[in-house]
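The values are calculated or read from the model by the stated rules, or taken from the named source; none is laboratory data. As the structure is a computational prediction, the values presented were derived from the model and not from experiment. Every residue, glycine as well, gets a Cβ built from its backbone with ideal geometry; the counts of neighbours run over all protein chains shown. Ligands, DNA and RNA are excluded from the accessible area calculation, which covers all protein heavy atoms including side chains. Shrake-Rupley method; radii C 1.70, N 1.55, O 1.52, S 1.80 Å.
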Amino acid sequence: MAERVLTGLRQGSEPGASPNPQIRAAKIVIAGGNGVGKTSLIAAVSQHTPLTAEAVIAPAGIGDDAAAAAGKDTTTVALDLGRITVADDLMLYLFGTPEQAGLWVVWDDLIRGAVGAVVLVDLRRIADAFAALDYFEIRQLPFLVALNEFEGAPRYELKDVREALAIDANVPLVTCDARDRSSAVRTLASVVDHALSARGAQNPTAAKQA
């Protein structure tokens, strides 16, 4: 299935003329800190208006994260959900993770059966990425790190960012613009490609059957 998702993303497949009653589904999880661009990335690629669950940040809840998020006054309290039809009988769902620490208990449900994950990073608030990085490393779900290039954000050599984030050499590190559909699709294709490579390294027979 993962190979078909990758093919569909690269070909830019669109929905068929009529629904297929035997449609299958795959999913990718989009994670990162508050205001890092999860909702934007999902909205950029979803073929329908994505389902979002956001709440206004109350004054008492505004801290360093919200202030650093360039004026963002809402936060994801449950999840974001978008979808892409990558073949007539195959749908890709995108799940954006909740941002509050108290809601992280739902992450285990979100990643169940996922192809892989994208950890979005804002280089102005690099420390916000560590919780998601630790989470996916512990659970051994294939993931990549995508630097969302906000206007005015600092630019660094990728090798320096990799060192600062302390991520393994086998974890892909890419740049993206979460608002741009083509950039977002390339990021999704990269994580599926990485997941296939990781699966092949662990179990060559299973990778051929994916």
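Below is a table of values for the structure above.
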quantity	calculated
Accessible surface of region 139-184 [probe 1.4 Å, protein heavy atoms]: carbon and sulfur percent	46
By average C-beta atoms within 10 angstrom, highest first, the peptides 80-86, 108-114	80-86, 108-114
Accessible area in square angstrom per residue, region 152-202, 1.4 angstrom probe	56
Accessible heavy-atom area order of H194, H48, highest first, probe of 1.4 Å	H48, H194
Paramagnetic reach from R179 (point 7 Å along Cα→Cβ, amide N under 17 Å) across region 21-53	35-46
